[in-house]
Amino acid sequence: MSLIPPIDLARQYAHFQQDVESAVCQLMASGRYIGGAAVSDFEREFAIYVGTGECVSCNSGTDALYLALRAFGIGAGDEVIVPSFTFVATAETVSAAGATPVFADIDPVTFTLDPDRLEAAVTDSTRAVIPVHLFGHPANLDRIGEIARDRDLKIIEDCAQSTGAYWRDRQVGSIGHVGCFSFFPTKNLGAFGDGGAIVTDDPELAQQMRVIKEHGSPRRYHHTEIGINSRLDAIQATILRVKLPWLDRWNESRAAIAARYDDLLAPIPDLIRPRQVEPARSVWNQYTIRLDRHDSAARDRLRELLLAREIVSSVYYPRSLHQQPVYDSDAALPESERAAREVLSLPMFPELTEPEQERIAYALKDCIVEL
Ligand SMILES: *Cc1c(COP(=O)(O)O)cnc(C)c1O
């Protein structure tokens, strides 16, 4: 029996090893390591892929969110509504921009921002909403779009876990005012280090983000505001250009793996399987089940029992953001709190094999009996 990891990037490397090696060697020989054609070519290709007019690359998904907030002029005195059940960067960047993240609850089926909770959280100070397409599943962009239009809010899509996902016939990132992407290695399109991008159809906004990410300078040694240094490395852009043409195939494999899990796990009691809700097309960054026991101890025990069988599952996320020490809000967000107690993400990557999935399903069936 061998270990089944949550994700295995080395298996994927075999697909494109030769292409990456030759492209990276050429880049290294070129002597051009910052900016240049590799970065501008990737920006153009990624904008075409998502279906937007503009793409601004940057150092990470976190920076992408920060740059979007700054470009909208969001800062002190402003509120931005975010789901509580997400990775910390979604809220942390709002705080870093000087504004206040306001936590709203999630829809328990899709783990994404509940539009009713969003509507209830809007105040006169609300400037924007950050729907997160968590685990690869798009948030309800129809209803969020209506509320945002009515209340004049900017929509900043957090697409870090959902590169290539669709809402109706459009890709996530192309529907809100901006879409923020991460190329962290475990995301659907991953670099070999950090990377990120923002897409938009608004050329002025894109220009503003380019200024802020280059030390607040519209031209060299002329600084009009406080900026940061946030670049996508040429070497990462080179790797991403090789990988981008594979992305749809990998996302299709993830969907097939999710469908197979759905069949294999259906007979197991106490286990709630993730669902794809129309008109969303998920890219399954995670396959996240819930253990219906309302108790994190049972979930943690299940994870340990699986580990004893050499199956590594993960808890994204064990605590919602409103309950983190850094925010420590007394808001009651029952669905976010319950998700944090019940979720368990099973191994999910495009190269996961059928025998491995069967082993995971048998192990789950045995382990749940032992709980
Ligand atoms: C990964 C992630 C980010 C941040 O991306 P980095 O590239 O790691 O900075 C933001 N939001 C969500 C939901 C993420 O999963």
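The values are calculated or read from the model by the stated rules, or taken from the named source; none is laboratory data. As the structure is a computational prediction, the values presented were derived from the model and not from experiment. When we count neighbours, we look across all protein chains shown, and the Cβ atoms used for this are built from the backbone with ideal geometry, even at glycine. Heads up: the accessible areas ignore ligands, DNA and RNA and are worked out on the full protein's heavy atoms, side chains in. Shrake-Rupley method; radii C 1.70, N 1.55, O 1.52, S 1.80 Å.
In the context of the full set of protein chains, residues of region 232-328 present 47 Å² of accessible surface per residue (probe radius 1.4 Å, heavy atoms only).
Please quote Rg/Rh for the chain to two decimal places, taking the Kirkwood radius as Rh and restricting both calculations to Cα atoms.
Details: Rg = 20.7 Å, Rh = 21.2 Å.
Result: Rg/Rh = 0.97.
Only protein heavy atoms count here; on that basis, with a 1.4 Å probe, Leu244 has an accessible area of about 20 Å².
Rolled with a 1.4 Å probe across the full set of protein chains, the surface gives Phe192 an accessible area near 100 Å².
Show me the ranking of peptides 51-62, 120-131, 301-312 by mean Cβ neighbours inside 10 Å, starting with the highest. Could the numbers behind the result be given before it?
Working: 51-62: 22.5, 120-131: 18.7, 301-312: 16.2.
Peptide ranking by packing, descending: 51-62, 120-131, 301-312.
Beta bridges assigned by DSSP with both partners in the chain are antiparallel in approximately 60 percent of cases. The length gained by stretching the chain between Tyr362 and Ala259 to full extension, at 0.36 nm per residue less their Cα-Cα distance, is 35.4 nm.
Applying 0.36 nm per residue to the separation of Leu371 and Tyr33 and subtracting their alpha-carbon distance, the gain on full extension is 116.3 nm.
Which FRET efficiency value, to the nearest 0.05, is calculated for Ala10 and Arg301 with the Förster distance at 35 angstrom and r the Cβ-Cβ distance?
Values: r = 30 Å, r/R0 = 0.86.
E between Ala10 and Arg301, to the nearest 0.05, is 0.70.
For region 220-371, what percent of Cα pairs sit more than 19 Å apart? So the portion of pairs separated by more than 19 Å is 64 percent.
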